[in-house]
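These notes concern the structure reproduced below.
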Amino acid sequence: MIIRILLAFVIAFIGAFIAGKIIIPILVKMKIGQSIKEIGPSWHMSKQGTPTMGGVIFISGMLLALLATGIPALVKGDLTHLFIFVFALVYGGIGFVDDYCKLKKKENTGLTAKQKLVLQVLAALLFVLAMHLTGMAKMELYVPFANVTASIPVPLYYIFSVFVIVGCVNAVNLTDGVDGLASGVTLPVAIFYAAVAAGWSYESVGLVAAAMAGGVAGFLVFNFHPAKVFMGDTGSLFLGGAVCALAYALNMPLVLIPLGIVYIVEALSVILQVGYFKVTKGKRIFRMAPIHHHFEKGGWNEYKVFAVFSGVSLVFAILSWLGVMNRF
C-alpha cells in the first residue's frame, strides 16, 4: 500500500512536469493570459499576460497517477479515490468557467459572487448527500487533540459541512495571490493527508493525497517565482475542493482548523478588512488584504512570503498530525 502511495506521488509529479511542458506553450499561443487588478500591488502589473488556467497541469498529473495506481482499489470495489477527485473536479469546473469569463471579458472579474456562491453551495450539498447516502461520512465530528467523537443531528451536520466546504474552498482561492503561494501552502497539507491515510490503511484516500502532493510539486516547477504560469481559479478551487474532500473522506473535517490555518488567516484578513472599512468609512487594518499582500507592501519579496507562509503550513501540518495520531 505504501509503495503505491509513493508511486502515486512520483507519477503525478512526472505527469505534471510533462503536462507543464506541453500545456504552457499552448496557453501562450492561445493568449490565455492573466489580467491583473489595478488595485493590487503595483509591481504585480509586470505579471500581466502570464498564462493562467494552469491548474489543468496538476489536475492532469493527478488523473494520470490515479489511473495508474488506483486499479487495485477499483477491483475491490473501492471508488473513494475517484469520488474525491470528481468532487474536486466539480469545483475546478466552477473555477474554469470563472476563468473563461474573465478571459472573455478581458478583465479580472468572471462569474458574479452570487453565481459562484450558488454553484459552490450546490456542489457542497451534493457531496455531503452522496457521502451520507453511501455511508462514507458519519454524522459525527471527530475532535483532534481531544481524541473524542461527538454525534450531531443530520440537518446540523449538513449546514455545518456546507459552511466549512464553501468557506475552505474560497479561503484556498484567496491564498493564490503570490507566485507559488497556494501550491507551497497546500503541499504540506496534502502530505499530511497521505501520511494519515497510510497510518489508517485508507489506501484510496492516500492515493489522492499523494497524487495531489506530487501534482502540486510538479506544478511548482513552473509556478515558483517568477511564475511561468498561474493556476487560476481552475486550480485554486480544485485544490480547495480536494482539501475539503480528503478531510471528509477521513471523517475529520475539524482538522481543517489547524491544518488549514494559513487559508483561514488569509480569509479572515479579507473579512476583517472589508468589515472595518465599512464600519469606519474608509479606514483599514491591513495595508492590503489578503494578508500576504500586507506583508508584500511591508517590504517582503515574493520569495519570503512563499517561504514563511509555506513554513507555517508545514509546522501546522506536523501539529495536526500530533493531534490525530492517537486515533489510529
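Before moving on, here are some points about what is shown:
- Only one of the numbered conditions (1) farther than 19 Å from Phe309 by Cα; (2) open to solvent by 10 Å² or more (accessible area, probe 1.4 Å); (3) touching a Leu at 6+ places or on another chain (Cβ under 8 Å) is not met by Pro258, and that is (1).
- Some residue of the stretch 273-289 being within 30 Å of Met131 (Cβ to Cβ) and modelled with pLDDT of 95 or more: no
- The set of residues in the stretch 121-174 being under 26 Å from Leu82 (Cβ atoms) and not in a helix (DSSP H, G or I) consists of Thr134, Gly135, Met136, Ala137, Lys138, Met139, Glu140, Leu141, Tyr142.
- Of the listed requirements (1) aliphatic (A, V, I, L, M); (2) farther than 22 Å from Phe224 by Cβ; (3) touching a residue at least 40 places away in the same chain (Cβ under 8 Å), Val279 misses just one: (3).
- Complete set of residues in the stretch 247-275 that are in contact with a strand residue (DSSP E or B) (Cβ under 9 Å, 6 or more places away or on another chain) and in a helix (DSSP H, G or I): Pro253, Leu254, Val255
- Among the residues of the stretch 252-276, those that are free of Cβ contacts under 8 Å to residues at least 40 places away in the same chain and not aliphatic (A, V, I, L, M) comprise Ser269, Gln273, Gly275, Tyr276.
- Test set (1) more than 20 Å from the chain's Cα centre (by Cα); (2) of a type in the set (A, V, I, L, M, F, W, C); (3) open to solvent by 40 Å² or more (accessible area, probe 1.4 Å); (4) within 24 Å of Asp99 (Cα to Cα) - Met288 fails condition number: (3)
- Positions within the stretch 49-100 being open to solvent by less than 10 Å² (accessible area, probe 1.4 Å) and of a type in the set (Val, Ile, Thr), in sequence order: Thr52, Ile57, Thr69, Ile84
- All of Ala247, Ala211, Ala267 fail the test of being in contact with a Leu (Cβ under 6 Å, 6 or more places away or on another chain), closer than 25 Å to Val90 by Cβ and open to solvent by 10 Å² or more (accessible area, probe 1.4 Å), apart from Ala267.
The values are calculated or read from the model by the stated rules, or taken from the named source; none is laboratory data. Fair warning: this is a prediction, and the values are worked out from it, not measured in the lab. Note that each Cβ is placed from the backbone with ideal geometry, even for glycine, and that neighbours are counted across all protein chains shown. In case anyone asks, the SASA skips ligands and DNA or RNA and just uses the protein heavy atoms, side chains included. Shrake-Rupley method; radii C 1.70, N 1.55, O 1.52, S 1.80 Å.
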